[in-house]
Amino acid sequence: MTAPLVTLIIPVYNAAEYLRQCLDSVGAQTYQDFEALLVNDGSTDGSADICRTYASADSRFVLIDKPNTGVSDSRNCALEQARGKYLQFLDSDDWLPPEATSILVHAAESTGADLTLAHFYRVVGDRAAQRGHIKKERVLTRQEFASEMMKAPANYYYGVLWNKLYRRSIVEGNHLRFPTDVSWCEDFLFNLDYIEHVRLVAAVPKPVYYYRKREDSLVTSNVSLRRTVAMKRATFTDYKDLYQKLDLYEERKAKIYSYFLSAATDGAVSPLSPKLKKPPES
């Protein structure tokens, strides 16, 4: 069987309320050469049955059923089975614009970039606002990208997985996996490890993701200042280590330490943000 160009990895845990919208948006992608690995992490709300229905109807959807061990372990399980040249990540309560995978693949293939990242929509209720940090289409070296990230390290644009496209050869060649012993910032830790091994980064100022801001999410809940500092300290070692390896630490030390003053940001939604369009039917 010929391997697809892209593997989409979708961890699923009790997401029945949103899951069909998520999977419909995957099936509606204009770029069709993909496999979608649906990792059911011991759901108890019927999510597994929904995944099974999609997998039965479309061979590109593959269900991986496992006990509840957390999102990082779910992603790691998918990495063991992934076959694509590229990896794209999606959360089961979010969804994709129809051109999302096409935009990311075109940028990666046309530039030779090892990491591609793009803008996204932040969704609250029926309103959305486009978010991103690098505003122009650019191809950056690893050092140039690290310098941009230094300006806003806690911005979702840099920290999350779902607005990016990764080369699986880099992930597998360097045995990169998600840490299963942390419950916060595991995306950012993975990204820090990955960036260490890239040559070029392609930035695309087009939105490729609808991120649903939920009131019960970890970043929305009230987190004490003490806990925030503790979590930042836990990730700062890896953050600092990246800049030391890139020979940027001594020159930019003060800026690097400003990471502690930054807060997790995905931007506010303007009162004038337009109504959302429904994702296309699959």
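All of the numbers you see were taken from the coordinates with simple rules; none came from a lab. Fair warning: this is a prediction, and the values are worked out from it, not measured in the lab. Cβ coordinates were reconstructed from backbone atoms using ideal geometry, including for glycine residues, and neighbour counts include every protein chain displayed.
No other residue among R138, R177 is within 17 Å of C77 (Cα to Cα), of a type in the set (D, E, K, R) and touching a residue at least 24 places away in the same chain (Cβ under 8 Å) apart from R177.
On the given criteria, is N68 within 16 Å of T180 (Cβ to Cβ), polar (S, T, N, Q) and either out of contact with any Gly (no Cβ under 6 Å at 6 or more places or on another chain) or surrounded by fewer than 20 Cβ atoms within 10 Å (Cβ to Cβ) (or both)? It is true that N68 is within 16 Å of T180 (Cβ to Cβ), polar (S, T, N, Q) and either out of contact with any Gly (no Cβ under 6 Å at 6 or more places or on another chain) or surrounded by fewer than 20 Cβ atoms within 10 Å (Cβ to Cβ) (or both). Within region 123-156, the set of residues being part of a strand (DSSP E or B), crowded, with 16+ Cβ neighbours inside 10 Å and in contact with a strand residue (DSSP E or B) (Cβ under 6 Å, 6 or more places away or on another chain) comprises V123, A128, A129, R131, V139, L140, N155.
Results for (1) more than 16 Å from the chain's Cα centre (by Cα); (2) of a type outside the set (G, A, S), shown as yes or no for each residue.
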site	(1), (2)
A36	no, no
N40	yes, yes
A57	yes, no
V71	no, yes
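For beta carbons closer than 6 Å, sequence separation of 6+ or different chains, a first residue in region 29-51 that is closer than 10 Å to I64 by Cα and a second that is in a loop (DSSP other than H, G, I, E, B), the qualifying pairs are D41/Y13; D41/N68.
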